[in-house]
1. Do the conditions hold for GLN112, that is, is it under 23 Å from LYS143 (Cβ atoms) and in a helix (DSSP H, G or I)?
2. Looking only at residues that are assigned to a strand (DSSP E or B) and among the aromatic types (Phe, Trp, Tyr) in segment 251-293, which one is farthest from ILE186 (Cα to Cα)?
3. Tell me, please, whether a residue that is closer than 21 Å to ASN294 by Cβ, in contact (Cβ under 8 Å) with a residue 40 or more places away in the chain and not assigned by TED's automatic domain parsing to the domain that holds SER14 can be found in segment 201-217.
4. Could you check segment 1-37 and list, in sequence order, the residues that are modelled with pLDDT of 85 or more and farther than 23 Å from ALA144 by Cβ?
5. Among (1) over 24 Å from GLU206 (Cα atoms); (2) modelled with pLDDT under 85, which single condition is SER284 missing?
6. List the residue pairs whose Cβ atoms are under 9 Å apart, where the first residue sits in segment 70-93 and is in the same structural domain as MET35 (by TED's automatic domain parsing), the second is in a loop (DSSP other than H, G, I, E, B) and of a type in the set (Ser, Thr, Tyr), and the two are 6 or more positions apart or on different chains.
7. Kindly indicate which of LYS62, LYS56, LYS28 is out of contact with any Lys or Arg (no Cβ under 7 Å at 6 or more places or on another chain), assigned by TED's automatic domain parsing to the domain that holds VAL105, of a type in the set (D, E, K, R) and buried (at least 16 other Cβ atoms within 10 Å of the Cβ).
8. Do we have GLU211 as surrounded by fewer than 11 Cβ atoms within 10 Å (Cβ to Cβ), out of contact with any helix residue (DSSP H, G or I) (no Cβ under 6 Å at 6 or more places or on another chain) and at pLDDT 80 or above here?
Amino acid sequence: MWFEGAINQALDKSKNEKLMLMTFIQSKNENSIKMNNQLESEDFKIGVNDKFVSLKFDQDSKEGTMFKQIYNYDETPTLYLISSSALVYEKITGLVETSDLIKKVNAALDKQKSLREQACQTSDSTSLKRAANESPAKSEESKAIKAQELLKEIRVKKAKEEEQRDRDAEKERIRTGKELQTAREIQLAKEMAELVKQREREKLEEKRHREKVLNEIKQDQEDRKARQAGQFEVKKPLIISQPTKIESDQTRIQFRLPDSTVLKNVFNINDTLRIVYKYIEDNSEYRSFKLCTNFPVKEFDDVDLDKTLVDLKLIPSCWLIVKKPQIQQNVGL
């Protein structure tokens with residue numbers, strides 16, 4: 001029975017199909033409940049459903065407030081019977097008997113029918129009708145114009161709200177994108193700083209080792225001179241550290257992939273570079289790539305594939321960069 005669309009859709013249906021608009025304003029009081037039951041009873045609905053576009057609003061709802069701005073009702077329940085041109089044929093306030101309610105509705109239908117018949121009469125009779133109803137018609141017409149203006153304002157307000165939501169959503173998307181980019185840059189900076197620190201530690205270890213070897217060589221030369229002069233006393237055996245000697249048979253290698261992903265693995269120092277390549281292929285999506293050190297920059301070639309990690313000085317730990325091969329394009333002259 002009740003129309004489920006918006007007010008403007010109900011008005012359009014009433015106008016296009018030339019049906020009367022029945023608007024029921026209710027609240028939570030007892031009379032509103034009783035009138036609602038009357039309107040939804042079978043006795044009332046017989047012969048009514050196909051002659052009205054029926055709307056029902058709560059007094060405090062958005063639609064009820066807007067309707068009150070147009071027709072200014074004071075109490076509930078209130079039932080309006082409105083023509084397709086927004087003129088009020090009947091206003092029923094408060095609870096009435098079901099039989100009286102049906103009579104008033106039928107009277108409004110008869111009035112609508114009579115007005116339509118008068119519209120088909122001669123111009124003289126039409127002029128008389130307009131003269132007789134000039135004042136109330138103007139009043140109802142002004143209400144109809146006010147209703148249309150309010151509907152227009154609602155549409156404009158809704159369009160502005162949707163536009164504002166779209167702008168807010170775009171701002172949120174841009175803000176989120178910037179935050180993600182900043183987070184990636186911070187993570188990359190941290191990883192590069194770790195690479196620099198790792199390289200500094202390796203350089204310091206190399207420097208200490210070199211100083212130790214030079215001191216041992218110097219001590220050996222002095223011992224040789226003393227022995228040749230007959231003044232040599234053996235205090236302790238000379239042990240010269242070998243640069244390639246390590247304490248473990250494993251080395252820890254960290255890899256930076258082209259997408260900034262970091263892989264870590266422990267290899268045997270006697271593993272070849274080919275095994276390292278195979279590890280990258282098995283644990284990433286990359287199949288064609290080059291490996292190189294970060295500092296000093298050294299890119300490994302095919303001739304290095306069968307060399308051990310000891311031979312390549314990738315011990316006891318190091319960072320390797322996984323690089324995509326550069327695609328060269330031939331430019332025709």
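The values are calculated or read from the model by the stated rules, or taken from the named source; none is laboratory data. Because the structure is predicted, anything quoted here is derived from the model rather than measured. Every residue, glycine as well, gets a Cβ built from its backbone with ideal geometry; the counts of neighbours run over all protein chains shown.
1. Against the criterion (under 23 Å from LYS143 (Cβ atoms) and in a helix (DSSP H, G or I)), GLN112 qualifies.
2. PHE267
3. Scanning segment 201-217 turns up at least one residue that is closer than 21 Å to ASN294 by Cβ, in contact (Cβ under 8 Å) with a residue 40 or more places away in the chain and not assigned by TED's automatic domain parsing to the domain that holds SER14.
4. GLN26, SER27, LYS28, ASN29, GLU30, ASN31, SER32, ILE33, LYS34, MET35, ASN36, ASN37 - these are the residues of segment 1-37 that are modelled with pLDDT of 85 or more and farther than 23 Å from ALA144 by Cβ.
5. Answer for SER284: the failing condition is (2).
6. Listed by first residue and then by second, the contacts come to GLU75/SER27; THR76/SER27; PRO77/SER27; TYR80/TYR73; TYR89/SER83; LYS91/TYR73; THR93/TYR73; THR93/THR76.
7. Answer to the selection: LYS56.
8. Answer is yes for this residue.
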